[in-house]
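Rule-based calculations on the coordinates, nothing more; no lab input. Computed from a predicted model, the values in this text were never measured in an experiment. Here the Cβ is made from the backbone with ideal geometry for all residues, glycine too, and neighbour counts use every protein chain on show.
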Amino acid sequence: MTIISNNIINIYYILLDNYGNQNWWPVTGGGKFEIIVGAILCQNVSWKNVQTSLELLKINNLWDYRAIYQSNFEHLSECIKSSRYFNQKAQTLKNFMALVIEDFNGQEEKLFSLTLRDLRNTLLSINGIGPETADDIIVYAALKPSFIIDQYTKRIASRVGITPLNNSYSEFQTIFEKKLPKDQKLYGEFHALLDKHGSNICTKKNPLCEKCCLQNICKHYLVNK
Ligand code: SF4
């Protein structure tokens, strides 16, 4: 079977058909605040560890913008210890909360009412927020379309044959955004599906190609089978 050249949207539909809706971002009642904190904490760590940190923040009454803004740094770090790089992430949380409190009167909706371009630039200006975290916040909290690129997305896209693995974040993002309708819901669902597939089937070592729903459009599989 030949590889379909414009197969990005096909990948989305195949994954959706295989796994169903993932309904991200998972929250436990904390709304957009919880999404933002989760997005900052989840870099380079498992979601299970993030959940432990979120629970501790809740138990310790560090569960809104002002509470984290005014918190003792060591106490905040201690609460998020399970999320690795906790001092760095505690500082990023404080930086984000300072922006919301000082520049947007403590109202996230004012921040999220910026245009997509201004919002992304504002988020990227916060020390500790990189493109992936910014795009997580934009898609799942601000509900605006900015395609999220992570290691799972890069791995699957490169193996399938969309673009080389060593391309930059913005090169991957441009390729996905050019081939997809600019739709926040689709971006959010697609990202969740890619993470599901990348963590369960298209793993870093020994991908489970024989069980993979993408094998008929995957360059890696078709070349190596
Ligand atoms: S066929 Fe194998 S390499 Fe290709 S996407 Fe599936 S698991 Fe990954």
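Normalised by the number of residues in the stretch 100-225, the average gap of Cα pairs under 8 Å and 6 or more apart makes the relative contact order 21 percent.
Packing-based ranking of 16-24, 217-225 yields 217-225, 16-24, ordered from highest to lowest mean Cβ neighbour count within 10 Å.
With 18 Å as the limit, the listed pairs LYS154/LYS179; LYS110/LYS185; LYS154/LYS196; LYS179/LYS225 have LYS110/LYS185; LYS179/LYS225 beyond it between alpha carbons.
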